1. In the full protein assembly as shown, how much of L109 is accessible to a 1.4 Å probe, in Å² to the nearest 10?
2. Starting from 0.36 nm per residue, how many nanometres of slack lie between I408 and K394 once their C-alpha separation is accounted for?
3. I'd like to check one number: the per residue accessible area of region 323-383, probe 1.4 Å, reported in Å² as a whole number.
4. Counting only heavy atoms of the protein chains, get the accessible area per residue of region 171-259 (1.4 Å probe) and round it to a whole Å² value.
5. At 1.4 Å probe size, with no ligands or nucleic acids counted, give the accessible surface of F364 in Å², nearest ten.
6. Ignoring ligands, DNA and RNA, please state the percent of accessible area on region 125-255 from carbon and sulfur, probe 1.4 Å.
7. Which order do M370, M133, M376 take when ranked by solvent-accessible area (1.4 Å probe, heavy atoms of all protein chains), largest first?
8. Could you size up the charge dipole of region 399-555 around its Cα centre, putting +1 on the beta carbon of Lys and Arg and -1 on that of Asp and Glu, and report it in debye to the nearest 20?
Amino acid sequence: MAAGSAAEWRRQLGRLSALSVYRRAAGARRPEGRRAGKWAKARPRRGEAGGGGPEPKAPPEPSASAPASRVERAKAPAHSPEAKRQRGTEEGSGEGGGVAELLRRLERLDDSRQRAAELFQWLLAPVSPAEFMRRHWERAPLLLRRGDPGYYAGLFSTADFDAALRGGGVHFGTHLDVTSYAEGVRETHNPSGRALPAVVWDFYQNGCSLRLLSPQTFSDTVWHFLSILQEHFGSMAGANTYLTPPGTQGFAPHYDDIEAFVLQLEGKKHWRVYSPRGDTEVLPQFSSANLTQADLGEPMLETVLEAGDLLYFPRGFIHQGDCLPDAHSLHITVSSYQRNSWGDLLEKLLPAALHMALEEDVEFRQGLPMDYLGYMGVANSDKVDARRTAFIEKVQSLIKKLVDYAPIDAAVDQRAKSFIHDCLPPVLTQSEKLQSVYGFPARWQDGGPCNVDILITKDTEVRLLHHGIIRLCNEEAGVMLYYTTENSRVYHKEEPKFLELGPEYIDSIEFLLSSYPNHISVDALPCETLEDKISLATLLFEKGILTTKKPLVQI
């Protein structure tokens, strides 16, 4: 932008805001919204490979689904012993409440699966997970009024938002969206480049909402929170944070393709939630375009969320949120289950089943009737013809037969492989760090490296770092062990990480999985030779997959 034009705009406007610059210079943009044994033989080597096909995009913001007849409002007494237990606080501990103490308490649990289950229970308290799954999951919204502004304390705040901006790593469009919604028009005002605090807060001061994408990239606490929760869902757990000025709305009404948990962190926000408008919008595969008020009926739920409250809605439920004139709003939307339906599994399963059927069954390779074009097709769909009936029955018969060739477990493993790639890397407790390669005391000292050798013996006791960090997948090239420990906090910044395993190691991986969370001696691994046992344990330790019961080097 030329200096002269900027000066002219200053004379015209008196004060040149970031929002006005954007609108003058760029114009507001509207967003567009083969059968073998259990495991095939493979060569032992290490490697990295790209995924087999497109990965799902990172989850966006809220949405919901199905019958909207049940909306539950639950309130736990803020200072009752039960509420404190649910928050992870302890009477007389002096450690305080909120998320920080919750995470400290979860670290004391030895089993990562139990950590995930208890975090999910805390998220829904005082509603039990069993009741939630029965009455609300993929069915109906849930509103929890807690009357406890400190319930989410320490998870994320406006100060954390500001710190992320000041860290210099936030870029418009990649990490931050500047948005507005007024008079039925939804606009995105992203300049290019780094999101500097002076520019971002000027947008906010001029009535724009700020959406920080994937705050786990910038916040250790959000990373820790989501890395635990993802193991409960068995599907990527993502998040966005939304900071909205008083008296404004940042987004048009819409529905999303994720299960959404809205956690109100600061201030308050007025929400309206609408039932899906028809069967095709129940549990949709994709998010909607921006909708208008004319597209909507009456909301099934209208409420004001205050700090400590939670609102859940399934994918497919239309929603919109706006701020009241007297308070800003900061909330975080925790999301999961994007493209994680039976249909998504079948998208991987059916092509594989057809491939196997064509390879093994001559009936699938027999030719179509020479004259079938003359009686099949839409133009012939109203005709009564015995040949049509026979043709349709033949297709139905082949489809039913296709089930016998469906490699269900292999298709599930491919979905699990995608999930492992989606996962955040695990957050380690202090003891896990000391007992893993991440706390190994190798260093340069007194003119050379010391404490370098990783000395694992047959008596070393080991276990998996966490249960959900690995997956064995049987692929054409061999058996691959995919793992999460070298993933990035930035979604798919790294290619999928894997080890290619020989058949002599497969039983040992299964044994480690079945033994978790207990430690086992390296000598107990079901490899043929002691050399193989130590070799495997050392490799897995180096990759951060195994921890030892005691630190390998005492300092």
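The values are calculated or read from the model by the stated rules, or taken from the named source; none is laboratory data. Bear in mind the structure is a predicted one, so any value in this text is a computation, not a measurement. FYI the Cβ positions are ideal-geometry reconstructions off the backbone, even for glycines, and counts take in every protein chain you see. These accessible areas exclude ligands, DNA and RNA; they are computed on the full protein's heavy atoms, side chains included. Shrake-Rupley method; radii C 1.70, N 1.55, O 1.52, S 1.80 Å.
1. 30
2. On the way: separation 14, 0.36 × 14 = 5.04 nm, distance 2.39 nm.
Difference between extended and current length: 2.6 nm.
3. 59
4. In whole numbers, region 171-259 has 30 Å² accessible per residue.
5. 30
6. On region 125-255, the fraction of accessible area on carbon and sulfur atoms equals 51 percent.
7. If we order M370, M133, M376 from most to least accessible, we get M370, M133, M376.
8. Working: 16 positive and 23 negative charges, 139 e Å.
Result for region 399-555 is approximately 660 debye, rounded to the nearest 20.
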